[in-house]
1. Among the residues of the stretch 585-611, write down those that are closer than 16 Å to V548 by Cα and in contact with a helix residue (DSSP H, G or I) (Cβ under 7 Å, 6 or more places away or on another chain).
2. Looking only at the stretch 498-551, which residues are of a type in the set (V, I, T) and touching a Ser or Thr at 6+ places or on another chain (Cβ under 6 Å)?
3. Would you confirm whether or not the stretch 574-587 contains a residue that is surrounded by 14 or more Cβ atoms within 10 Å (Cβ to Cβ) and under 39 Å from the mean Cα position of the chain (by Cα)?
4. If D456 meets every condition in (1) buried (at least 18 other Cβ atoms within 10 Å of the Cβ); (2) more than 30 Å from Y334 (Cβ to Cβ); (3) more than 41 Å from the chain's Cα centre (by Cα); (4) among the charged types (D, E, K, R) apart from one, which number is that one?
5. Which members of the stretch 411-435 meet the condition of being outside any strand (DSSP E or B) and among the hydrophobic types (A, V, I, L, M, F, W, C)?
6. Taking L278 as the residue in question, decide whether it is within 30 Å of A486 (Cβ to Cβ), buried (at least 21 other Cβ atoms within 10 Å of the Cβ) and modelled with pLDDT of 90 or more.
7. Just to be sure, is T342 under 19 Å from F474 (Cα atoms) and surrounded by 15 or more Cβ atoms within 10 Å (Cβ to Cβ)?
8. Condition first: touching a residue at least 24 places away in the same chain (Cβ under 8 Å) and over 17 Å from I481 (Cα atoms). Can you find one or more residues in the stretch 291-299 that meet it?
Amino acid sequence: MAQFCTRCGKPLYAGVRFCPSCGGAVTAPAAKASGPSVTSAPAAAPFAPIGVGVESQQAASSVAESAWTAVSATASPDISIAEPAQFAPVEAPAFPQQASVSSQGQARAWTAVASADAPAASASAATASQPQSFTPVPISNEPSSSSSQWSQTAAASVPRRRSVWPKVIGAALVLILLVGAAVVGGVIYVGYKVRQKARVVTQNLSHLADDKGVSSLTKNGSQGAKSGLVGLFDALAGKAGADGNAVLSSGDPVTPCSVSAFVAQDTARVPFKPGTVLTTAWGVKYGDVEATNTIDSIDSSTVRTTNRTGEYKDDNGQMSKALTVTNQNCNSDYLSAENYMTVNARQLPALLHNLTRFRLSDKAFQEIKSNGRTNFTYADIYYVPKGVKLTHQGGTLTRVEPEDVKYPMIVNDQRVDLPVIHLKGTMIVPDKDPRPARQRPKQSDGELFVLDDAADPLVLNWKLKDPLFHSGNFRVEVVKINFPVAKPENVLEKQLVEQKRAVTYGIYFDFNKDTLKPESGPVLKEIAQTMTDNPDWKLTVEGHTDNVGGDAYNLELSKRRAAAVKQALVSQYNISPERLLTGGFGASRPIETNDTLEGRARNRRVELVRD
């Protein structure tokens, strides 16, 4: 019959008195013996509880084996065992499931012990009828082989919990290394910046005696030592880099111009006076960019001009925002300055000394007329994070032809040929230049066309040819000139009367747009006056463009520009819309070559046709 442990419920082999898993006593049903029956089995002595723990479990197993051996020795096969001895419950801990792995081996060991003791039990059958006292077996500290095997198996099966301290220590070490690297990098960077500052200070100190520096352009009549000190202070204040050039910005304080009369313009072929508008152009990949430069005022010391440049797309395909900048130049600089500038930028100070715009100084022009050459320095800018730095290219320009050459120009809406002096020379870039080496040309070929007019030697075309400077195509050219006349002749009306067609270049549009610029006002007013004086006239407004941008695009652009002129005449001058028609022809009717910048400028026009 199957037996089960009364404590843990484990199945047991027949004849086993103690559970090999938990050490508890086994209760089995009474069995009939072949010999004479006995009313009761010897009373078992009280069984001492065994302590908990792995060692206690091993000791319990040894005690159970010894007890079973003693009982078997007193038993006889002829004596039937009545009731099993009652043992005190053994308090044992719950064992892990892995402990059952060795239970079968332990049970087999117990069975072998019982079989070996059976003859001894038979020989003692006579004494079995008397109750025997159960002698407690002393607990041994040495574990048996079977219990030792069970202990090793149970210990191996218990998972160990890993400590988190190694991870914490490793993370702390990594953090310390990172902080250390950052500190070392910061020290190296600070040392590098200090070295740069020291180099700049040394350079400025070495030039205290004779270096005029860039600051001479912002302070009138600067001495060499004064310029050197200014450069030194700028370097200490962080306004100059390793190149020694000061950083300029629109917020810089300026020294006002000294009182000096501007040269009289009464005899000038193209007078430089308030109201004169010079339209300059330069070519880019996506079309020619035009800017209008208006002379606002000339007082006893200062010339004030306003530059307006519309939005355009540069060679990199980026849109450049529209720009309106007011510049100031000293009358005295138009007498003797050698530096010339064309650039306009919001970052520049409002007033720069020792340079001119739009025309040469009287001194430079007289040198050309007398010697056929002059020293010429072109000033440009290089953008830096906090403003701009000035760049320079200087050299001697020498006259090419002994006589004047004819230069086509649109003056007061008429195409004329102006007499100009043509000069060329090699322009050298000084060592002290803020541009990176890859962007800094060593020398460039310069070319200048200047109006042969002592009263107003206008620079009509300035070119610099070097692959590192605007891909070798840098040029700033005047394409149109308008100036006020005391009693202007209505040229448009005269052309419409004589030819029934008039060409006007005085209507200005934004780059690649149909938006009219403010400088278009005088010509629009002239057209409106002509139609008012001739109320029976009907006009067709025709738009024309150059060939940059494609035929379809230019055709649509020319139509929109003609419609914009009509709209302005109707809304601003109350001309009846029924008297105006519009049309566009794109680049299909050029009057000049489209291969040159000035030719394309003259092809961008508006024509009026009388019905």
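The values are calculated or read from the model by the stated rules, or taken from the named source; none is laboratory data. All figures in this text were calculated on a predicted structure; none of them were measured in a lab. Because the Cβ atoms are built from the backbone with ideal geometry, glycine has one as well, and the counts that use them run over all protein chains shown.
1. First, the residues of the stretch 585-611 that are closer than 16 Å to V548 by Cα: 585-605.
Passing the criteria: F585, G586, A587, P590, I591, E592, T593, N594.
2. I507, V523, V541, T545
3. The initial filter retains those residues of the stretch 574-587 that are surrounded by 14 or more Cβ atoms within 10 Å (Cβ to Cβ), namely 575, 579-587.
Narrowing the set further to residues that are under 39 Å from the mean Cα position of the chain (by Cα) leaves none.
The answer is no; no qualifying residue exists.
4. Failing condition for D456: (2).
5. V429
6. Numbers: within 30 Å of A486 (Cβ to Cβ): yes; buried (at least 21 other Cβ atoms within 10 Å of the Cβ): yes; modelled with pLDDT of 90 or more: yes.
Yes: the conditions hold for L278.
7. Values: under 19 Å from F474 (Cα atoms): yes; surrounded by 15 or more Cβ atoms within 10 Å (Cβ to Cβ): yes.
So T342 passes the test.
8. yes
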